[in-house]
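**Q** Structure provided below as structure tokens; questions to follow.
The values are calculated or read from the model by the stated rules, or taken from the named source; none is laboratory data. Everything numeric in this text was worked out from a predicted model, so none of it was measured. Cβ coordinates were reconstructed from backbone atoms using ideal geometry, including for glycine residues, and neighbour counts include every protein chain displayed.
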Amino acid sequence: MCNCSDLPEIVGDPLYNNIAITFVGISANPEYFQEAESDSWEPELEFGECNVRCKECGQYWYFECAPEESTFPLFGLKYRDHGYEPFQSEIEEKKEWLSILAHGGTQESECRIKGCKNLKLLGRELCVKHITFP
């Protein structure tokens, strides 16, 4: 049984890399930090980027999957049909938004990268452009 219809447009797993960071926004927005689950994907999930369809409900997904033998999505973006796959700029925008949610927002001070005028993520020294997600 799949959970596609229960999930928002984007989902991610910021805890996969076991980094010692507290993501204060996860508890406030738990629906965005769940795994997309299905008994069968078409084509099968594979490490890296892939466009798949849930064979149970027909939902199309763009996934970035873990480098594991039995892989699973670390980041997912729903899209409407086979004729449409998300652009790289759309994927990056959604990942940045998910990172802001996971961190619980931004601070009032600027990123520590020289010349960057973006605001730091809450509890971090860098902005959303300089911290990759997931």
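**Q** Looking at 37, 110, 85, which is the one that is more than 23 Å from residue 128 (Cα to Cα), surrounded by 11 or more Cβ atoms within 10 Å (Cβ to Cβ) and touching a Cys at 6+ places or on another chain (Cβ under 7 Å)?
**A** Working: 110 fails: more than 23 Å from residue 128 (Cα to Cα); 85 fails: touching a Cys at 6+ places or on another chain (Cβ under 7 Å).
The unique qualifying residue is 37.
**Q** Additional query: Do you know which of the residues in the range 16-34 that are out of contact with any Leu (no Cβ under 7 Å at 6 or more places or on another chain) and surrounded by 14 or more Cβ atoms within 10 Å (Cβ to Cβ) is nearest to residue 67 (Cα to Cα)?
**A** 33
**Q** Report whether or not residue 68 is among the charged types (D, E, K, R) and touching a residue at least 24 places away in the same chain (Cβ under 8 Å). So that I can check it myself, show each step before the final result.
**A** Working: among the charged types (D, E, K, R): yes; touching a residue at least 24 places away in the same chain (Cβ under 8 Å): no.
No.
**Q** Of all residues being polar (S, T, N, Q) and surrounded by 13 or more Cβ atoms within 10 Å (Cβ to Cβ) in the range 88-107, which is nearest to residue 15 (Cα to Cα)? Just the residue, please. Step through it out loud before you land on a result.
**A** Applying the first criterion (polar (S, T, N, Q)) to the range 88-107 yields 88-89, 99, 106-107.
Filter again for surrounded by 13 or more Cβ atoms within 10 Å (Cβ to Cβ), leaving 99, 106-107.
Working: 99: 12, 106: 19, 107: 21 Å.
If we take residues in the range 88-107 being polar (S, T, N, Q) and surrounded by 13 or more Cβ atoms within 10 Å (Cβ to Cβ), then 99 is nearest to residue 15 (Cα to Cα).
**Q** Let me ask something else. Just one of the numbered conditions (1) farther than 23 Å from residue 119 by Cα; (2) without any contact (Cβ under 8 Å) to a residue 40 or more places away in the chain is not true of residue 77; which one?
**A** Unmet for residue 77, out of (1) farther than 23 Å from residue 119 by Cα; (2) without any contact (Cβ under 8 Å) to a residue 40 or more places away in the chain: (2).
**Q** Kindly indicate whether residue 80 is over 22 Å from residue 131 (Cα atoms), basic (Lys, Arg) and buried (at least 16 other Cβ atoms within 10 Å of the Cβ). Reasoning before the result, please.
**A** Details: over 22 Å from residue 131 (Cα atoms): yes; basic (Lys, Arg): yes; buried (at least 16 other Cβ atoms within 10 Å of the Cβ): no.
Considered against the rule, which asks whether it is over 22 Å from residue 131 (Cα atoms), basic (Lys, Arg) and buried (at least 16 other Cβ atoms within 10 Å of the Cβ), residue 80 comes out as no.
**Q** So in the range 39-65, with the set limited to residues that are part of a loop (DSSP other than H, G, I, E, B) and touching a helix residue (DSSP H, G or I) at 6+ places or on another chain (Cβ under 7 Å), which one is farthest from residue 100 (Cα to Cα)?
**A** The initial filter retains those residues of the range 39-65 that are part of a loop (DSSP other than H, G, I, E, B), namely 39-40, 43-47, 55-59.
Checking which are touching a helix residue (DSSP H, G or I) at 6+ places or on another chain (Cβ under 7 Å) leaves us with 57, 59.
Working: 57: 30, 59: 26 Å.
For the range 39-65, the residue satisfying everything is 57.
**Q** Sort out which residues of the range 48-65 are under 15 Å from the mean Cα position of the chain (by Cα), surrounded by fewer than 18 Cβ atoms within 10 Å (Cβ to Cβ) and of a type outside the set (S, T, N, Q), and write them in order of number.
**A** 48, 49, 50
**Q** Among the residues that make up the range 76-84, is at least one of them farther than 15 Å from residue 15 by Cα and touching a Pro at 6+ places or on another chain (Cβ under 7 Å)? Let's see the steps before the verdict.
**A** Taking the range 76-84 first, the residues farther than 15 Å from residue 15 by Cα are 77-84.
Checking the rest, the ones that are also touching a Pro at 6+ places or on another chain (Cβ under 7 Å) come to 77, 79.
For the range 76-84, residues farther than 15 Å from residue 15 by Cα and touching a Pro at 6+ places or on another chain (Cβ under 7 Å): present.
**Q** Does any residue of the range 86-97 turn out to be in a loop (DSSP other than H, G, I, E, B) and modelled with pLDDT under 95? So that I can check it myself, show each step before the final result.
**A** Narrowing the range 86-97 to residues in a loop (DSSP other than H, G, I, E, B): 86-87.
Narrowing the set further to residues that are modelled with pLDDT under 95 leaves 86-87.
Within the range 86-97, one or more residues are in a loop (DSSP other than H, G, I, E, B) and modelled with pLDDT under 95.
**Q** Name the single residue, out of those in the range 116-132 being free of Cβ contacts under 8 Å to residues at least 24 places away in the same chain and basic (Lys, Arg), that is nearest to residue 15 (Cα to Cα).
**A** Ranking the candidates gives 120 first.
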